[in-house]
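This report concerns only the one structure given below.
The values are calculated or read from the model by the stated rules, or taken from the named source; none is laboratory data. Values in this document were obtained by computation on a predicted structure and should not be read as measured data. So basically every Cβ, Gly included, is an ideal-geometry build from the backbone, and we count neighbours across all protein chains shown.
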Amino acid sequence: MKPDDKATLLNSLQYYLEDLIETGVTELPLPQGTISGSTENCMTVLDTPMLPTETLEEIREDLGDCRRCALAEGRKNIVFGTGSPSASLVFVGEAPGRDEDIQGKPFVGEAGQLLTKIIKAMGFSRDDVYICNVLKCRPPYNRNPLQSEIEQCHDFMLRQVKAISPKVIVALGTFAAQTLLNTKAPISRLRGKFHDYHGMALMPTFHPAFLLRNPEKKREVWDDVKQVMSALEK
Ligand code: URA
């Protein structure tokens with residue numbers, strides 16, 4: 001290849017990657033065993049599940065009576081996650097609220113009841129799917145999570161989804177979507193399409209608590225959910 005052709009190719013590649021980054025894409029998954037080839041299918045749901053290297057019990061044990069950040073001081077319970085360890089669908093929210101902190105289970109308050117309705121409308125029960133949060137402890141007064149708290153906690157959630165190896169992850173709301181996709185793009189731009197999260201398909205959508213305040217957005221969530229359902233059927 002001539003040096004000029006190489007420069008043109010590198011330029012195009014840079015524009016292409018910048019475009020993807022702007023859309024919130026952080027990685028380009030390649031099917032296992034693929035060294036080179038077309039990137040056309042990068043955003044399709046991968047058929048080949050990743051092989052889990054640890055179990056949810058092992059991760060829970062490692063988390064222990066976590067004191068890695070100051071949220072430990074004010075919490076009543078660690079909210080690790082609930083549901084099937086072999087779920088094909090995982091929901092990830094932001095952090096436990098008051099009800100979740102008291103019960104030690106994710107999404108059991110008012111927003112949780114709406115999430116349960118969405119799950120049922122998809123033809124599942126809460127036991128069929130897995131539900132967890134980016135943060136395992138309640139931030140005081142439900143304030144936004146701090147960067148330092150995310151840094152301590154995010155990896156546990158990543159290990160959880162890797163252990164489950166679902167077909168699809170649904171990120172609920174701005175915080176979960178932006179954290180998982182490592183972007184500042186608004187949820188309104190992120191939702192409605194699949195993104196890659198460590199080789200797994202991730203659909204961002206509005207948080208159920210946001211839907212309680214903005215019921216007219218339910219239609220968009222349903223559009224996202226329908227895409228998730230057809231990806232699960234494949
Ligand atoms: N909101 C969340 O993001 N997670 C919960 O568990 C409850 C409310």
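Things to note:
- Whichever residue in segment 144-157 is exposed (fewer than 13 other Cβ atoms within 10 Å of the Cβ) and away from the ligand (no atom under 13 Å from the Cβ) and, among such residues, is nearest to the chain's Cα centre (by Cα): ASP155
- For segment 128-142, filtering for residues that are more than 18 Å from the chain's Cα centre (by Cα) and at pLDDT 95 or above leaves 3.
- Within segment 167-180, the set of residues being within 10 Å of the chain's Cα centre (by Cα) and away from the ligand (no atom under 16 Å from the Cβ) comprises VAL168 only.
- Here VAL108, VAL92 are screened, and the one residue that is within 8 Å of the ligand (Cβ to nearest atom) and among the β-branched types (Val, Ile, Thr) is VAL108.
- Taken together, the criteria exclude ASP65 from residues that are within 16 Å of ILE169 (Cα to Cα), surrounded by fewer than 22 Cβ atoms within 10 Å (Cβ to Cβ) and either in contact with a helix residue (DSSP H, G or I) (Cβ under 8 Å, 6 or more places away or on another chain) or not hydrophobic (A, V, I, L, M, F, W, C) (or both).
- The condition of being within 16 Å of the ligand (Cβ to nearest atom), under 29 Å from ALA111 (Cα atoms), at pLDDT 50 or above and polar (S, T, N, Q) holds for only one of THR55, THR82, that being THR82.
- Test: residue in segment 195-216 that is over 24 Å from LEU135 (Cα atoms) and either acidic (Asp, Glu) or within 14 Å of the chain's Cα centre (by Cα) (or both): yes
- Screening LYS120 on (1) without any contact (Cβ under 8 Å) to a residue 24 or more places away in the chain; (2) near the ligand (Cβ under 9 Å from one of its atoms) shows it passes everything except condition (2).
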